[in-house]
Amino acid sequence: SWIRQEITAFQQAIHIWADISESLVPRKPPQSVTLPDPQWNAWAAPITQRMRRYVHPIVYPNPLRTVWEAHGSVPAAWIQLWSAVHQNTPMARCGMCSKLFEKKIKKRYVRKFCSEACKQRDWRQRQS
């Protein structure tokens, strides 16, 4: 069905972005990303295709801004992914469950786990 195809394409796009962005360090302003052409084309083509299919920009005059309109959760997920890419948001894999999460600097360290539960599970394993 089309929803399975969309979910598969979305998961592939997220994993590729995670692989690309693991080398990025969270900074403000975000650093730019330069990818070799074959890697960029393989990754950007599905996102561009879905954004054209599902998402429509609406421009508001006062104040001047663009809002991306999408109907449904699949298009909304593509908008979120595009937003993360546009802002060069680095992704990381959880050290415990391998789930992907947004890599943010928290106080003085970079997160290694997706949640407190995984962090505690890792601590318990190291204690035993």
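Worth pointing out:
- Residue, most open to solvent (accessible area, probe 1.4 Å), within segment 96-106, restricted to residues that are assigned to a loop (DSSP other than H, G, I, E, B) and more than 13 Å from Glu116 (Cβ to Cβ): Lys99
- On inspection, Lys112 does not qualify as open to solvent by 100 Å² or more (accessible area, probe 1.4 Å) and in contact with a Cys (Cβ under 6 Å, 6 or more places away or on another chain).
- Within the span defined as segment 62-70, one or more residues are of a type in the set (Val, Ile, Thr) and part of a strand (DSSP E or B).
- Test result for Glu69, in contact with a strand residue (DSSP E or B) (Cβ under 6 Å, 6 or more places away or on another chain) and of a type in the set (D, E, K, R): yes
- Of all residue pairs spaced 6 or more apart or on separate chains, those with beta-carbon atoms under 7 Å, a first member in segment 59-71 that is open to solvent by less than 100 Å² (accessible area, probe 1.4 Å) and a second member that is not in a strand (DSSP E or B) are Ala70/Tyr54; Ala70/Ala76; Ala70/Ile79.
- Qualifying residue in segment 31-39 (condition: open to solvent by 50 Å² or more (accessible area, probe 1.4 Å) and at pLDDT 75 or above): no
The values are calculated or read from the model by the stated rules, or taken from the named source; none is laboratory data. Not measured: the values here are computed from a predicted model. Every residue, glycine among them, receives a Cβ derived from its backbone with ideal geometry; neighbour counts consider all protein chains shown. Surface areas here come from the heavy atoms of the whole protein model, side chains and all, with no ligands, DNA or RNA. Shrake-Rupley method; radii C 1.70, N 1.55, O 1.52, S 1.80 Å.
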